[in-house]
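Here's the structure we're looking at; comments come further down.
Where a number appears in this text, it was derived from the coordinates with a stated rule and is not lab data. These numbers come from a predicted model, not from an experiment. With ideal geometry, Cβ positions are generated from the backbone for all residues, glycine too; neighbour counts draw on all protein chains shown.
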Amino acid sequence: GAGVSQSPSNKVTEKGKDVELRCDPISGHTALYWYRQRLGQGLEFLIYFQGNSAPDKSGLPSDRFSAERTGESVSTLTIQRTQQEDSAVYLCASSPRGLKETQYFGPGTRLLVL
Amino acid sequence: DQQVKQNSPSLSVQEGRISILNCDYTNSMFDYFLWYKKYPAEGPTFLISISSIKDKNEDGRFTVFLNKSAKHLSLHIVPSQPGDSAVYFCAASAGYALNFGKGTSLLVTP
């Protein structure tokens, strides 16, 4: 079946603007994750959704970052008042149930804040 | 603080030889480990995983070894092929979030 998809694939924005990134997980996967990868770094965990449970937001770097998920489907990651240090690849992953499982990643959204 | 470390940023190996990629971790609570492969402009692709109850897992040309006492794992690719050239990320988990190393760029030369 289809893998994880993300949109847009690339986004260039000006400092101070808001951006919204979208993730469509693999159908039937209850767990959804957002990570980001800054240049030369490994992936950093941002947020985790599991079914209808309250999300784990412990990885969000500031209150400018928020994410939502509708049931077990699409998720959006919103960055308000973007800063240059927000420039990164934002990766979404999903897995069937969540705990100690392989996570399947989308292609990412490359965000550049000028 | 980096809980998962890949100390070699790059590795070059001749086609047909063995590639050995190394990874160290500091958190003794990690009990599930994975290797991902990443091509430019693509998301990471899962390669192989290992649970802390094992010390070896094999899948075709790929074998992962886990040494819990040394908090060290390695990925062996035998024989290496030019199509294996990519960035390899080690990841570890104590729950659901994955903690990633910075990656090792593998180049397999003909």
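Miscellaneous remarks
- As a rough footprinting exposure proxy, the listed residues B:H76, A:H29 were ranked by other beta carbons within 10 Å of their own, and the order from fewest upward is B:H76, A:H29.
- Residue by residue along B:90-99, Cβ atoms of other protein chains within 10 Å of the local Cβ number 5 on average.
- With eigenvalues of the C-alpha gyration tensor scaled by 5 and rooted, chain B, Å: 22, 15, 12
- The Cα-based radius of gyration of segment A:1-67, divided by its Kirkwood radius, gives an Rg/Rh of 0.97.
- Across peptide A:99-108, the mean count of Cβ atoms from other chains lying within 10 Å of each residue's own Cβ comes to 6.
- Sequentially through segment A:13-25, phi angles give Karplus couplings (6.51, -1.76, 1.60; θ = phi - 60°) of 9, 8, 3, x, 7, 8, 10, 10, 10, 10, 9, 10, x Hz, Gly and Pro residues having no value and appearing as x.
- Each of B:V4, A:V19, B:V78 has some number of other Cβ atoms within 10 Å of its Cβ, and from fewest to most they run B:V78, A:V19, B:V4.
- Here B:S93, B:S10, A:S94 are placed in order of increasing Cβ neighbour count within 10 Å, fewest first, which gives B:S10, B:S93, A:S94.
- Taking 7 Å steps out from each Cα toward its Cβ at A:E14 and B:D55 produces label points 6.1 nm apart.
- Largest first, the extents of the alpha carbon coordinates of segment A:28-108 on the three principal axes equal 35, 24, 20 Å.
- Cα Rg, Dmax, the protein assembly as shown, angstrom units: 17.5, 51
- Counted residue by residue at 0.36 nm each, then reduced by the alpha carbon distance between them, the extension gain from A:T102 to A:L39 reaches 20.3 nm.
- Using θ = phi - 60° and Karplus 6.51 cos²θ - 1.76 cosθ + 1.60, couplings along segment B:35-46 (whole Hz; Gly, Pro as x): 10, 10, 10, 9, 9, x, 6, 10, x, x, 10, 5
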